[in-house]
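The block underneath contains the structure these notes are about, expressed in structure tokens.
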DNA sequence: TATGAATGAGCTTTCATTCAT
DNA sequence: TATGAATGAAAGCTCATTCAT
């Protein structure tokens with residue numbers, strides 16, 4: 001594992017536990033077992049380290065969603081498959097999820113960076129846009145609909161991480177919740 | 001307006017704009033037009049100031065929800081009325097909303113404080129529990145359902161604050177989204 | 001008990017326990033059960049409060065020494081009587097002793113104040129001067145001799161307060177130590 | 001000269017002149033010509049800096065006493081040699097002496113630290129214990145005797161630093177004072 | 001690339017003192 | 001006299017960042 005990744009991993013761990021302001025660079029260097037100066041060889045400054053972590057995290061999320069089995073035969077099944085893929089990513093990567101939630105809105109991440117990372121939602125936006133056009137989904141502005149649907153995954157993941165055990169049935173129930181919400 | 005409130009207001013303004021770590025006490029004291037030391041007469045330290053703001057904000061949210069017109073005749077109408085009341089509170093109080101979202105999960109707020117403020121959701125939990133028992137709503141664990149429904153309001157408020165204009169019709173559509181999601 | 005005395009007493013207690021810099025005026029006002037402002041009606045500022053305590057303490061010490069039974073018949077007996085009187089004062093007034101030792105040399109007390117309080121040693125200086133002239137004591141500069149003899153009382157008192165139990169016999173032994181040291 | 005020593009030296013100078021509470025860290029960093037933060041690389045906090053200074057000072061004192069010429073042939077001569085060695089150390093190192101006197105009793109130094117530094121007196125305790133056993137000295141508890149004898153050196157040093165010129169003869173007189181005090 | 005001692009601006013917090021009541 | 005909320009200068013300390021090695 002190279003130093004850059006060690007640093008990012010340590011940062012994710014520490015920042016979700018203590019928060020940005022309570023995580024000094026020295027603490028990161030200690031946890032990552034590198035010298036303080038080494039962090040600066042890989043990341044210009046603390047803010048940029050945070051943004052790099054944000055970018056990496058969003059990328060992982062995007063890739064997770066593409067693992068959904070979407071065969072185009074049954075729209076409802078595809079919708080639920082995507083929903084569950086994202087849910088599972090958030091469930092399996094608790095720290096990444098926490099980090100994204102915590103810093104998604106925060107002023108630490110520059111607007112441009114956020115904007116740029118919106119690209120990962122594009123496949124979803126397209127999928128939902130299709131659903132609207134084909135009459136499967138409510139005809140609401142597609143970006144609004146995307147946000148609303150994404151919100152249901154986030155809520156489900158929060159519940160999961162609050163240790164309310166979610167059996168497979170319950171997960172399907174929540175996918176159903178998200179489907180009924182959006183369907184025409 | 002007494003000093004305590006001036007301080008809380010200044011803190012809300014600055015913290016939503018710059019974040020916790022980027023808001024020095026000196027900045028708060030300046031904005032609130034009190035001496036730095038005065039803050040410490042009212043709040044033991046910076047963390048406790050933040051927690052006080054959290055508690056006050058949650059209280060306001062709780063009170064807003066109780067303004068909904070719930071007459072018990074039409075469950076769906078009552079459900080939507082509560083949903084819209086909370087949405088309007090989040091829409092009208094952008095900073096309080098941002099603050100709650102940003103710090104709801106954050107490690108700055110102690111677990112106990114968060115736990116204590118859950119009380120404000122109790123009326124909603126009761127209302128939804130009733131809906132489940134009477135067969136109006138899906139029979140999902142009521143706390144899970146509450147979280148999911150609350151999530152839809154939060155998503156709607158986020159959309160609103162991203163300046164996507166939401167006409168009254170659109171709001172009703174989102175309330176409808178939330179209703180269909182939950183209904184049996 | 002009037003407020004002035006309450007304040008001085010609280011100051012003595014706190015300052016010997018925590019030291020000057022670690023004893024805020026607020027702590028004194030709390031312990032003395034008076035308002036912060038009240039201290040300033042009786043003492044111009046913190047330094048003057050400390051000096052007042054020093055002056056009072058030195059006065060008490062002076063009065064204690066005058067309780068010695070000095071009848072002029074037996075110089076050695078008189079010498080030991082004075083020595084023991086001062087020792088007993090230091091033993092019985094542990095906080096005053098600690099305070100005087102701690103602040104005797106300290107830069108918190110102005111030179112003039114220290115100088116002024118030397119008057120309490122005058123009777124001793126006279127008594128020892130007499131002893132030198134009459135050939136009972138070593139012919140060393142009287143002020144030097146006074147300091148040396150006083151030093152033996154201070155050492156004895158330190159031992160006492162370190163809880164090494166000092167029986168009456170041991171005290172007499174130490175008085176004897178002090179006598180042999182000085183005698184011609 | 002390394003930074004740690006520069007800091008300790010500056011601290012000794014300033015603290016004896018102004019006292020602990022009246023010596024801000026900024027003043028020390030200025031005098032030592034290091035950055036404020038550098039002090040914290042070498043000493044955890046202000047209190048620990050003080051304790052380090054105390055430990056170093058006691059060590060120097062211990063080493064000074066071991067320079068006495070003790071040949072074991074003449075107990076009185078050896079006793080006086082040790083006495084004078086310590087006196088000379090206190091005389092030559094006025095700031096160290098002042099510091100030790102001022103902080104020996106003070107609540108700034110933890111009990112354990114004080115206790116630990118008692119080791120430097122062990123050779124003296126042994127030497128005096130021997131003197132008692134061989135009948136040269138009064139049979140008083142050896143620790144008490146040590147304290148009393150040390151007290152005479154301290155008093156002599158105080159006199160010296162009050163600028164009362166002490167000629168070599170006078171010093172021998174005071175050593176004689178200390179010898180007569182303790183001898184059997 | 002990697003190190004980590006050193007920097008110093010800027011932070012949170014304290015506390016002597018004031019003053020309207 | 002007595003009060004105690006308010007003040008704000010100044011303290012101790014932290015930590016992002018640099019740079020000689």
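For region D:171-184, enumerate the residues that are part of a helix (DSSP H, G or I) and either more than 7 Å from chain C (Cβ to nearest Cβ) or touching a residue at least 40 places away in the same chain (Cβ under 8 Å) (or both). Once the filter is applied, which keeps residues that are part of a helix (DSSP H, G or I) and either more than 7 Å from chain C (Cβ to nearest Cβ) or touching a residue at least 40 places away in the same chain (Cβ under 8 Å) (or both), region D:171-184 yields D:171, D:172, D:174, D:175, D:176, D:178, D:179, D:182.
Selection within region B:158-170: residues that are out of contact with any helix residue (DSSP H, G or I) (no Cβ under 9 Å at 6 or more places or on another chain) and assigned to a helix (DSSP H, G or I). The member of this set that is farthest from the other protein chains (Cβ to nearest Cβ) is B:168. Does residue D:132 meet the test of being in a helix (DSSP H, G or I), facing chain C (nearest Cβ under 7 Å) and farther than 16 Å from residue C:158 by Cβ? For residue D:132, the condition - in a helix (DSSP H, G or I), facing chain C (nearest Cβ under 7 Å) and farther than 16 Å from residue C:158 by Cβ - is not met.
Of everything listed in (1) out of contact with any strand residue (DSSP E or B) (no Cβ under 7 Å at 6 or more places or on another chain); (2) at pLDDT below 95; (3) more than 7 Å from chain A (Cβ to nearest Cβ), the single unmet condition for residue B:140 is (3). With respect to the conditions (1) at pLDDT 95 or above; (2) within 16 Å of DNA strand E (Cβ to nearest atom); (3) under 20 Å from residue C:107 (Cα atoms), residue D:39 lacks only one, and its number is (3). Would you check if there is a residue in region A:42-58 being surrounded by 20 or more Cβ atoms within 10 Å (Cβ to Cβ), over 24 Å from residue B:108 (Cβ atoms) and away from DNA strand F (no atom under 16 Å from the Cβ)? The answer is no, given that none of the residues of region A:42-58 is surrounded by 20 or more Cβ atoms within 10 Å (Cβ to Cβ), over 24 Å from residue B:108 (Cβ atoms) and away from DNA strand F (no atom under 16 Å from the Cβ).
Please verify whether residue C:67 is touching a residue at least 12 places away in the same chain (Cβ under 8 Å), within 14 Å of chain D (Cβ to nearest Cβ) and either farther than 19 Å from residue C:107 by Cα or more than 16 Å from DNA strand F (Cβ to nearest atom) (or both), treating the condition exactly as stated. So residue C:67 fails the test. For beta carbons closer than 6 Å, sequence separation of 6+ or different chains, a first residue in region C:24-45 that is touching a residue at least 60 places away in the same chain (Cβ under 8 Å) and assigned by TED's automatic domain parsing to the domain that holds residue C:1 and a second that is within 7 Å of DNA strand E (Cβ to nearest atom) and not in a loop (DSSP other than H, G, I, E, B), there are no qualifying pairs. Taking the numbered list (1) within 30 Å of residue C:169 (Cβ to Cβ); (2) facing chain C (nearest Cβ under 9 Å); (3) surrounded by fewer than 18 Cβ atoms within 10 Å (Cβ to Cβ) in turn, residue D:155 passes all entries but (3). Taken together, A:78, A:126, A:92 contain a single residue that is surrounded by 17 or more Cβ atoms within 10 Å (Cβ to Cβ) and more than 9 Å from chain B (Cβ to nearest Cβ), which is A:78. Among the criteria (1) near DNA strand F (Cβ under 9 Å from one of its atoms); (2) within 18 Å of residue C:55 (Cα to Cα), the one residue C:36 does not fulfil is (2). The residues of region C:14-33 that are away from DNA strand F (no atom under 14 Å from the Cβ), over 30 Å from residue C:149 (Cβ atoms) and surrounded by 15 or more Cβ atoms within 10 Å (Cβ to Cβ), listed by number, are C:14, C:23.
The one condition from (1) modelled with pLDDT of 95 or more; (2) away from DNA strand E (no atom under 13 Å from the Cβ) that residue A:28 does not meet is (2).
The values are calculated or read from the model by the stated rules, or taken from the named source; none is laboratory data. A quick note: this is a predicted structure, and the numbers were derived from the prediction, not measured. FYI the Cβ positions are ideal-geometry reconstructions off the backbone, even for glycines, and counts take in every protein chain you see.
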